[in-house]
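Here is the structure we will look at, set down as structure tokens.
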Amino acid sequence: MSSFPLSMVHTVYEKSNNNHSHIRDFTLLAIVYVSHWKPLVFSVFLAVFLMTIIGNSLIILVVRLNISLHTPMYFFLSNLSFVELCYTSITIPNILTGILQGSGAISFVGCIVQVYLFTLCATAECVLLAAMACDRYVAILRPLHYTVIIDRMVCAYFAIFAWLSGFLNSTINTVVTSRLNFCGSRSIDRLYCEVQPLVRLSCSDTHLSDILATLSAAVFGVTCLFFILTSYIFILAAIIGMPSRSSRNKTFSTCTSHITVVLLYFGALTFMYLLPSDGSRLDLAVSMIYSTVTPMLNPIIYSLRNHQVIGALKNMVMGSYPLNPSHA
């Protein structure tokens, strides 16, 4: 994953200072709010952090080592787990530090870097979830041609496209946002920095930022969700047309984990970016679910509903799993 050019941030920061923007840091109000229950909240976030890191790392490891899981579906799952690791690493360490210090302060540079990385991951996840829907579509509607259509190169292209889309979308939105002037309130109603809350704090013209945010939501949010929903309409039609109930149940079970993750992710995404925001505690709760709870739940969802993953995890623990020849 590409790193944001810090020199660019400093340059933009100095320029904004010359334009009467004297903001040196921001305050993440949600961290200040939850700090009132320091022992409990710190323990909860630490547990979420550890569970997310361990769960997603295990998914990546077991897919990497077990040759029976070297299929397109698990390739995309590994990429998705890596995105979840990045989400958690971007947000929770800063949240834990803020809770311990009883302060939600974050520097201008730190906030912009967090915006860049968070936007990159959010964009990449939308594209990866769409790619996984495409994989299920081909596997169910074109099973005889599945290995020809979804081969290793196609999987690699999907993954590259996901990360390049994230890099491009994040770079454009973050650079434009970082050039705004912030001369009023420094309080952000979030646990972490995002484009929308920063734009609302700006005292300069945000017309371009608003247009870019709308385009980003349309291209990577609405379009990916529409593609996923369309794919599942055809998938469900194909499942309904199957002759036996056992065939329908078996086929549908291969999609349930992905459907659950899509509902969780895009449900929170829709609430946060497509519905009016009033800065209420409900907004804060949804942002927490979106950035911390969903990354923790994804490996659990895929593990509990997938006998292959459960079996591979058991074999890995017992040391009897079939290794990739390169690791033998």
Among (1) in a helix (DSSP H, G or I); (2) farther than 29 Å from Ser81 by Cβ, Cys255 falls short only on (2)
Subset tally (residues that are under 19 Å from Phe271 (Cα atoms) and among the polar types (S, T, N, Q)) for the range 202-253: 3
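Checking the condition surrounded by 24 or more Cβ atoms within 10 Å (Cβ to Cβ), of a type in the set (Phe, Trp, Tyr) and in a helix (DSSP H, G or I), which residue from Tyr137, Tyr116 passes?
On the way: Tyr137 fails: surrounded by 24 or more Cβ atoms within 10 Å (Cβ to Cβ).
Every option except Tyr116 fails the conditions.
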Of the residues Ile95, Ile99, only one is touching a helix residue (DSSP H, G or I) at 6+ places or on another chain (Cβ under 6 Å), buried (at least 20 other Cβ atoms within 10 Å of the Cβ), under 24 Å from Ile300 (Cα atoms) and in contact (Cβ under 8 Å) with a residue 12 or more places away in the chain; which? Ile95
Can you pull out every residue in the range 256-273 that is more than 17 Å from Ile140 (Cβ to Cβ), at pLDDT 85 or above and aliphatic (A, V, I, L, M)? Val261, Leu263, Leu264
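The values are calculated or read from the model by the stated rules, or taken from the named source; none is laboratory data. Computed from a predicted model, the values in this text were never measured in an experiment. Cβ atoms come from the backbone with ideal geometry, glycine included; neighbour counts cover every protein chain shown.
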